[in-house]
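Here is the structure we will look at, set down as structure tokens.
Every number here is computed from the coordinates shown, using simple stated rules; none is lab data. Predicted model only: the values in this text are computed from it and were never measured. No Cβ is skipped: glycine too gets one built from the backbone with ideal geometry, and neighbour counts run over all protein chains shown.
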Amino acid sequence: MPGNTLHYAYETLEVSQASVRKFQNMKVIQTVFVACALAALLASSGCENGVGKVATLRLAHGLDVKHPVHLGMMRMGELLQTYSDGQLKLDIYPSEQLGSERQCLELLQIGSLDMTKVSAAVLENFAPDMQVFSLPYLFRDDAHTDAVLFGPVGRDMLVGMDAYLIRGLTYFDAGKRSFYTRERPVNSPADLKGLKIRVQESPTAMQLVRDLGASPTPIAWGELYTALQQGVVDGAENNPPSFHLSRHYEVCKYYILDEHTAIPDVLTVGASTWNRLNAEQQGWVQMAADSSARYQRQLWKVAEAEALATVQAAGVTVIRPDKSPFATDTAGALQSAPAHLQRLIQRIQSTGHE
């Protein structure tokens, strides 16, 4: 597991103010250190727009190199070189080599990193409208999801992040998130009561887990295997390929297909990098991103089926519960969403019914 990530979980709720200050200082120091290192890399990379120059864009993310989202980004790199006739190159740093998703977004905003792929759940801490994707049971089916993400609603949300020094390029399929547990099978929300469940750094995700009676515990992805192994948390929630490739199935023997959210991954570029590119280069980047998203969605369906088959063969019990009690217990999240999200919810729900 990468050793340069921060552990966002606390073992108890009673954390002293001194501990919090120490944690925050460590986080700032680490982010500044990575930013300085990346600045040195960028200074020697030849990222210029002059004739004959090769501009290298650096993309960091937290996933395994076998993950279909990583493979989608690799495809983008190939396409970018083709479209630009070698003038633009993409260097990819996977597995949290340059920090957690939150840290990569911070580096993006200050211009020390060109691109990153993050979950919309983490992105909501930077661009509030992205919170809508963390709401439970938001989409009717896969066709509805695609119509929203790749239609006017999804495009408006990507472009709307410009105000936060982030430009959204496209969405990658991250499937549907479901719970998995170490020792207790879960057939209904009642079975989650009292369990500590790892969640992303998302207030919406934390509230969803509370609504189902469990205790949400934010932990960086790179630290989660150890946290599960040591019993810091009783379970987590994610899509089947991530459950498989993270090897969390070695510790958690129950995977519950409640499919409570369908949170996309979002490919982003920093505003400073985007503005440094000329219009033709921006076009190449956008075309490569769009094409890679279509390619990645094909990979996803295969990876999802293979992941479920593999973990079952390894002894994991895959539970397919009745989803209606989960939807009922979390319905308040949509009803109590703030006004700016209510407008988005209405647009999403009306998509496909025009």
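Please report, largest first and rounded to whole Å, the three semi-axes of the ellipsoid equivalent to the range 214-354, where each semi-axis is the square root of five times an eigenvalue of the C-alpha gyration tensor.
Those come to 32, 24, 18 Å.
Its DSSP H runs of at least 4 residues, each contributing -39,500 (n - 2.57), put the calculated 222 nm mean residue ellipticity of the chain at -13500 deg cm²/dmol, to the nearest 500. Legend: residue pairs Lys117/Lys193; Lys117/Lys301; Lys66/Lys193; Lys53/Lys301; Lys196/Lys301; Lys117/Lys323, Cα-Cα distance threshold 28 Å; pairs beyond threshold, Lys117/Lys193; Lys66/Lys193; Lys53/Lys301; Lys196/Lys301; Lys117/Lys323. Geometric descriptor of the range 165-209, per residue, is 112 Å³ (volume of the convex hull of the Cα atoms). The value of relative contact order for the range 206-354, using C-alpha pairs under 8 Å at least six residues apart, is 35 percent.
Charged side chains reduced to their Cβ positions (Lys and Arg at +1, Asp and Glu at -1) give the range 209-256 a dipole of some 80 debye around its Cα centre.
Set against the labelled values (i) 31, 54, 14, 1, 0; (ii) 30, 59, 11, 0; (iii) 27, 48, 19, 4, 1, 0, P(r) over Cα pairs in 20 Å bins from 0, in percent computed from this structure falls on (ii). Considering only Ala262, Ala307, Ala143, the mean-square fluctuation computed in a Gaussian network model of the chain, springs between alpha carbons under 10 angstrom, is largest for Ala143.
Normalise the Debye intensity by I(0) for the range 104-222, one equal point scatterer per Cα, no solvent, then take log10 at q = 0.22 Å⁻¹ and round to two decimals. Rounded to two decimals, the profile gives -1.31. Of Arg167, Arg210, Arg343, the residue with the greatest mean-square motion in the GNM of the chain, using alpha carbon springs below 10 Å, is Arg343.
Relative to the 2.2 N^0.38 Å rule of thumb, the range 295-338 has a C-alpha radius of gyration ratio of 1.73.
Under the combined filter of DSSP loop state and at most 14 neighbouring Cβ atoms within 10 Å, the range 238-289 retains these trypsin sites (Lys or Arg not before Pro): Arg247.
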